[in-house]
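Visitor: Starting off with a structure, shown below.
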Amino acid sequence: IATMKRQLRSMGLSLDWKREFATCDVGYYRHQQQVFLDMLAKGLAYRKSSKVNWDPVDHTVLANEQVIDGRGWRSGALVEQRELTQWFFAITRYSDELLDALQTLDKWPEKVRLMQANWIGRSEGMLVRWAVEQSTAPKGILEVEVYTTRPDTLFGASFLAVAADHPLAKAASATNPELAAFCDDCRRMGTSVTELETAEKKGFDTGVLVSHPFDETWKISVYVANFVLMEYGTGAIFACPSGDQRDLDFARKYDLPVVPVVMPAGEDVATFKIGKTAFDGDGVMINSRFLDGMDTTAAFEAAASRLEKLTLAKKPVGTRKVQFRLRDWGISRQRYWGCPIPIVHCADCGVVAVPSTDLPVKLPDDATFDLPGNPLDRHPTWKHVDCPACGKAARRETDTMDTFVDSSWYYARFTAPDAETPIDKDAAAYWLPVDQYIGGIEHAILHLLYSRFFTRALCDTGHLALKQNSREPFGALFTQGMVTHETYKSADGQWLMPEEVRISGEGTARTAADIKTGAPVEIGDIIKMSKSKKNLVDPDDIIAHHGADCVRWFVLSDSPPERDFIWTEGGVAGAGRFIQRISRFVDQIADAGAARGTAKPETFGADAMSLRKAAHRALNLVASAIEGLRFNVAVAQVHEFANSLQTALTKADGKPARDLAWALREAGEFLAQMISPMMPHLAEDGWQRLGYNTLVANQPWPGVEAVLLVDDTITVAVQVNGKRRDELTIARNASHLEIETAALKLDSVVRALEGRTPKKVIVVPQRIVNVVV
RNA sequence: GCGGACGUGGUGGAACGGUAGACACACAGGACUUAAAAUCCUGAGAUGGCAACGUCGUGUGGGUUCAAGUCCCACCGUCCGCACCA
């Protein structure tokens, strides 16, 4: 494990031990491999060759964000661009369904749904083919196809731009060394985020001309531009500078035509000009021949239908096309740790599935981690197997699956964890979707989208039988915040653990010092706990010292669960004191309260009554707060009830009357009940000390007596002209008139009226009275 | 650049459009104690006043309403997501 950890660290990966161990189970992998093969049979899993960033030192594929700077240095060597054949899942086959079904997820946070919608990135547009003027055409290039969402702006076309990797750019580069050099420059860029932000829009005129689809005498230049992506659309665009800021900047830089074609409603054609800002809104078409005067939507339709009718080389010039940003999911990983992909490569038979009877394909136990690269590929024997089809010597697939695959379907497997098949359809149909899913916001896109894809893929491979319109894994989603803590940094720039620091003072005067040396320490930002910043607390230490209940109580009490939570030493101590307090209450009640099973008194005096009201009210409020996942509010209600209990115990002074003694026992039992979900140990301990030998966790939630939840008299605020002047305590069922009369008699109201006659008195029963003058 | 969320005391945070600051932490005073800790009681948004009481207060400026922390518009700030997406 230590060696693996080291290797993972050297690969720049952190290890989530819980997840890795939970899914490393060989039984689970047998089923996961079966699912993979079934997806392969349906074409949902496939191999594809693509260009990747390759770390030449660690011999591994890099994600884009791991490439450190614009030129792609990594581990001290230049990142290589490599063609690599890898495995993919066809998530894009479900693009539309994954997007549309987001609307049905009304118990998901809006934020997550939005993030997924943006990630899927649906856009409606057209593919438009432009004929290349043959006298200027590079070898073998007859036409250029662009993707656009704005065919309505075609008469504002100024130039075409293609990506450096576009066939036209490559063909033209063959006879133009300067262009070839420019294309090389473009390829080297665009790997890092910072580079993109600052990168200048640059282009190079290829000298190639194309004809406008609506007017073949209109010739337009084709540029290679560094901002056009080969991966999106067709790798080629047409630019309308008046309607797109980036195109406008480019046109101004290279002195290309700027023709306004859309004008905001209400502007005058004669005076409307495009300056430094493009107009990308909806409006009225101008300078656009047959589109003139139409609005944007109508112009889109008119242009689109004409493009569909025009032909070039006997095919339509334009075709409507829905484009997605979402890509298929690359699942190949060149590392040891993960589910082996159950495939054998044979020189004669090609890609051969491992027969189901031979699953699982297990990882070798004797892998070595002393060298960079994939230990499976390097292993002396593991990959050398016979072809399952023809029996000849063949090679095992050495890629393992992305661990996101593991977490994409466990919730379905867990509905029948011992099933012989990957999923027991009946069990899954009964339990799914998961009622309440709780996780971090960091999974908003990847894990949660992959799981949604998997549910559908499992249906289509016959592993799940869910209704077509509810193929969702998680019915309700809650995203909880992260645990954060202050950071501490010594004068020489070293991070310090909280336990190595002593804090004194408060507010802005708070200072910190190194306990060992006494040297002053800088108090830094409150950020997510991380090993590198050392702002960690060890859960084992805390539990050993304070107990698990104390930690739970503090974590729940501090902030609403969806927000980040600030761990403070003082907060834990406070929770610890509250536990002691509860414990004392239980002792006092066990001592002075009524015995278990004592008959309920017929009547209750004022003290007993007010305690009972507090108990029933608290029980009710705690229940609804917990059900709404508002745990910090639930904690506050328990605190408030504890204060009422304190008052009652003080009044009882160890010798309560019969009615109060009974109310105290009731209160004690309610207390155990209401803390049980949050502090189970303390609750069970209290329950036993109250004379039970059962578990409070097994008891039904007590029924509340509705009459105890309402008071006979209530207090309403009294306002004059919306400003609070007094409050009024009055019978709950008092009539409007009674309330109004009582309110107008109040001294404070009379004073505020200053002799004026009220114009209107608004009475909202049980809430407020507002006197308007 | 695009999209979204948020902004309340010293602090974490409460508040179906209806008494802003529940509850807690920290703080101050008191009781208990030889003393301290622990515990219990009390206080506290700011400001003026001995007090009664008054004025101002939920980032800023407008608006809707009998009534706005809450709804609408604009701006400022913080955070998050996406980002040459054609």
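Visitor: Just for the range A:613-627: of the residues that are within 11 Å of RNA strand B (Cβ to nearest atom) and open to solvent by 40 Å² or more (accessible area, probe 1.4 Å), which one is farthest from the chain's Cα centre (by Cα)?
Guide: Taking the candidates together, the pick is A:Leu621.
Visitor: OK, next. Residue pairs, Cβ under 6 Å, 6 or more apart or interchain, first in the range A:714-728 and on the phi < 0 side of the Ramachandran plot and open to solvent by 40 Å² or more (accessible area, probe 1.4 Å), second among the hydroxyl-bearing types (Ser, Thr, Tyr) and more than 6 Å from RNA strand B (Cβ to nearest atom). List them.
Guide: A:Thr715/A:Thr729
Visitor: Would you confirm whether any residue within the range A:738-755 is in a helix (DSSP H, G or I), within 9 Å of RNA strand B (Cβ to nearest atom) and within 14 Å of A:Val773 (Cα to Cα)?
Guide: The answer is yes; a qualifying residue exists.
Visitor: Out of all the residues in the range A:138-159, which are in contact (Cβ under 8 Å) with a residue 60 or more places away in the chain and under 14 Å from A:Leu209 (Cα atoms)?
Guide: Correct list: A:Pro138, A:Ile141, A:Leu142, A:Glu143, A:Val144, A:Glu145, A:Ala157, A:Ser158, A:Phe159.
Visitor: Let me ask something else. Pick from A:Trp108, A:Trp87, A:Trp54: which is at pLDDT 80 or above, farther than 30 Å from A:Pro372 by Cα, crowded, with 17+ Cβ neighbours inside 10 Å and not hydroxyl-bearing (Ser, Thr, Tyr)?
Guide: After applying the criteria, what remains is A:Trp108.
Visitor: Filter the range A:283-298 down to the residues that are at negative phi and not in a loop (DSSP other than H, G, I, E, B), then identify the one that is surrounded by the fewest Cβ atoms within 10 Å (Cβ to Cβ).
Guide: Among those that are at negative phi and not in a loop (DSSP other than H, G, I, E, B), it is A:Thr297.
Visitor: What do you reckon, is A:Gly462 within 19 Å of the chain's Cα centre (by Cα) and at pLDDT 80 or above?
Guide: The answer is no for A:Gly462.
Visitor: Please go through the range A:224-249 and give me each residue that is in contact with a Gly (Cβ under 6 Å, 6 or more places away or on another chain) and more than 13 Å from A:Ala157 (Cα to Cα), ordered by number.
Guide: Of everything in the range A:224-249, just one residue is in contact with a Gly (Cβ under 6 Å, 6 or more places away or on another chain) and more than 13 Å from A:Ala157 (Cα to Cα), namely A:Ala225.
Visitor: Can you find a residue in the range A:260-269 that is touching a helix residue (DSSP H, G or I) at 6+ places or on another chain (Cβ under 8 Å), within 13 Å of A:Pro151 (Cβ to Cβ) and touching a residue at least 12 places away in the same chain (Cβ under 8 Å)?
Guide: Yes: one or more hits.
Visitor: Are any residues in the range A:676-724 in a loop (DSSP other than H, G, I, E, B), hydrophobic (A, V, I, L, M, F, W, C) and more than 16 Å from RNA strand B (Cβ to nearest atom), and if so, which ones? Working first, answer last.
Guide: Here is the first cut: in the range A:676-724, the residues in a loop (DSSP other than H, G, I, E, B) are A:676-679, A:690-695, A:699-705, A:710-712, A:721-722.
With the extra rule that they be hydrophobic (A, V, I, L, M, F, W, C), the set shrinks to A:678-679, A:690, A:695, A:701, A:704, A:710.
A:Leu690, A:Leu695, A:Trp701, A:Val704 - these are the residues of the range A:676-724 that are in a loop (DSSP other than H, G, I, E, B), hydrophobic (A, V, I, L, M, F, W, C) and more than 16 Å from RNA strand B (Cβ to nearest atom).
Visitor: Can you tell me which residue is least open to solvent (accessible area, probe 1.4 Å) among those in the range A:199-235 that are closer than 21 Å to A:Ala313 by Cα and aromatic (Phe, Trp, Tyr)?
Guide: It comes out as A:Phe214.
Visitor: Could you tell me which residue of the range A:630-661 is surrounded by the most Cβ atoms within 10 Å (Cβ to Cβ), considering only residues that are modelled with pLDDT under 90 and within 13 Å of RNA strand B (Cβ to nearest atom)?
Guide: This residue is A:Ala652.
Visitor: Could you list, in sequence order, the residues of the range A:541-575 that are more than 22 Å from the chain's Cα centre (by Cα), within 9 Å of RNA strand B (Cβ to nearest atom) and over 13 Å from A:Val483 (Cβ atoms)?
Guide: Result: A:Ser557, A:Gly570, A:Ala573, A:Gly574, A:Ala575.
Visitor: Take the range A:134-148 and flag every residue that is open to solvent by less than 60 Å² (accessible area, probe 1.4 Å) and either within 12 Å of RNA strand B (Cβ to nearest atom) or not polar (S, T, N, Q) (or both).
Guide: Scanning the range A:134-148 gives A:Ala137, A:Pro138, A:Ile141, A:Val144, A:Val146, A:Tyr147, A:Thr148.
Visitor: Within the range A:582-595, is even one residue without any contact (Cβ under 8 Å) to a residue 60 or more places away in the chain, within 15 Å of RNA strand B (Cβ to nearest atom) and in contact with a Pro (Cβ under 9 Å, 6 or more places away or on another chain)?
Guide: The answer is no, given that none of the residues of the range A:582-595 is without any contact (Cβ under 8 Å) to a residue 60 or more places away in the chain, within 15 Å of RNA strand B (Cβ to nearest atom) and in contact with a Pro (Cβ under 9 Å, 6 or more places away or on another chain).
Visitor: From A:Arg335, A:Arg320, A:Arg306, which residue is of a type in the set (Lys, Arg) and in a loop (DSSP other than H, G, I, E, B)?
Guide: On the way: A:Arg320 fails: in a loop (DSSP other than H, G, I, E, B); A:Arg306 fails: in a loop (DSSP other than H, G, I, E, B).
Being of a type in the set (Lys, Arg) and in a loop (DSSP other than H, G, I, E, B) holds for just one of A:Arg335, A:Arg320, A:Arg306, which is A:Arg335.
Visitor: Consider the range A:598-651. How many of its residues are closer than 16 Å to A:Pro677 by Cβ and aliphatic (A, V, I, L, M)?
Guide: The total comes to 13.
Visitor: Something else now. Report those helices (runs of 4 or more DSSP H) wholly inside the range A:496-612 carrying at least 3 residues which are open to solvent by 70 Å² or more (accessible area, probe 1.4 Å) and modelled with pLDDT of 90 or more.
Guide: Result: A:569-592.
Visitor: Output the number of residues of the range A:422-460 satisfying the condition of being open to solvent by less than 70 Å² (accessible area, probe 1.4 Å) and among the acidic types (Asp, Glu).
Guide: 2
Visitor: Residues A:Ala389, A:Ala393, A:Ala419: which one is open to solvent by 60 Å² or more (accessible area, probe 1.4 Å) and free of Cβ contacts under 8 Å to residues at least 12 places away in the same chain?
Guide: A:Ala393
Visitor: Right, here's the next one. Look through A:Asp249, A:Asp280 and report the one residue that is open to solvent by 60 Å² or more (accessible area, probe 1.4 Å), part of a helix (DSSP H, G or I), within 13 Å of RNA strand B (Cβ to nearest atom) and out of contact with any Cys (no Cβ under 9 Å at 6 or more places or on another chain).
Guide: Numbers: A:Asp280 fails: part of a helix (DSSP H, G or I).
One residue alone meets the criteria, A:Asp249.
Visitor: For A:Asp152, are the conditions met, namely being within 12 Å of RNA strand B (Cβ to nearest atom), part of a helix (DSSP H, G or I) and under 19 Å from A:Arg129 (Cα atoms)?
Guide: Spelling it out, A:Asp152 is indeed within 12 Å of RNA strand B (Cβ to nearest atom), part of a helix (DSSP H, G or I) and under 19 Å from A:Arg129 (Cα atoms).
Visitor: Evaluate the range A:225-244: report whether one residue or more is in contact with a Pro (Cβ under 7 Å, 6 or more places away or on another chain) and either without any contact (Cβ under 8 Å) to a residue 40 or more places away in the chain or within 16 Å of RNA strand B (Cβ to nearest atom) (or both).
Guide: Yes, the range A:225-244 contains at least one residue that is in contact with a Pro (Cβ under 7 Å, 6 or more places away or on another chain) and either without any contact (Cβ under 8 Å) to a residue 40 or more places away in the chain or within 16 Å of RNA strand B (Cβ to nearest atom) (or both).
Visitor: Report every pair of residues separated by at least 6 positions or lying on different chains whose Cβ atoms are under 6 Å apart, first residue within the range A:749-768 and in contact (Cβ under 8 Å) with a residue 12 or more places away in the chain and closer than 24 Å to A:Ile714 by Cα, second within 10 Å of RNA strand B (Cβ to nearest atom) and open to solvent by 70 Å² or more (accessible area, probe 1.4 Å).
Guide: Once the first residue is in contact (Cβ under 8 Å) with a residue 12 or more places away in the chain and closer than 24 Å to A:Ile714 by Cα and sits in the range A:749-768, its partners that are within 10 Å of RNA strand B (Cβ to nearest atom) and open to solvent by 70 Å² or more (accessible area, probe 1.4 Å) give A:Val749/A:Arg725; A:Ala752/A:Arg725.
Visitor: While we're here: Within the range A:264-272, is even one residue surrounded by 14 or more Cβ atoms within 10 Å (Cβ to Cβ), in contact with a strand residue (DSSP E or B) (Cβ under 6 Å, 6 or more places away or on another chain) and assigned to a loop (DSSP other than H, G, I, E, B)? Break it down into steps so the answer makes sense when it comes.
Guide: Taking the range A:264-272 first, the residues surrounded by 14 or more Cβ atoms within 10 Å (Cβ to Cβ) are A:267, A:272.
After this cut, where a residue has to be in contact with a strand residue (DSSP E or B) (Cβ under 6 Å, 6 or more places away or on another chain) as well, the list is A:272.
Going one step further and asking which of them are assigned to a loop (DSSP other than H, G, I, E, B), we end up with A:272.
Within the range A:264-272, one or more residues are surrounded by 14 or more Cβ atoms within 10 Å (Cβ to Cβ), in contact with a strand residue (DSSP E or B) (Cβ under 6 Å, 6 or more places away or on another chain) and assigned to a loop (DSSP other than H, G, I, E, B).
Visitor: Return yes or no: is A:Gly668 within 21 Å of A:Pro601 (Cβ to Cβ), within 16 Å of RNA strand B (Cβ to nearest atom), among the small types (Gly, Ala, Ser) and crowded, with 17+ Cβ neighbours inside 10 Å?
Guide: yes
The values are calculated or read from the model by the stated rules, or taken from the named source; none is laboratory data. This one's a predicted model, so the numbers in the text were calculated from it and none came from an experiment. Here Cβ is always computed from backbone atoms with ideal geometry, including for glycine, and neighbour counts include all displayed protein chains. Accessible surface is based on the protein model in full, side chains and every heavy atom, while ligands, DNA and RNA are left aside. Shrake-Rupley method; radii C 1.70, N 1.55, O 1.52, S 1.80 Å.
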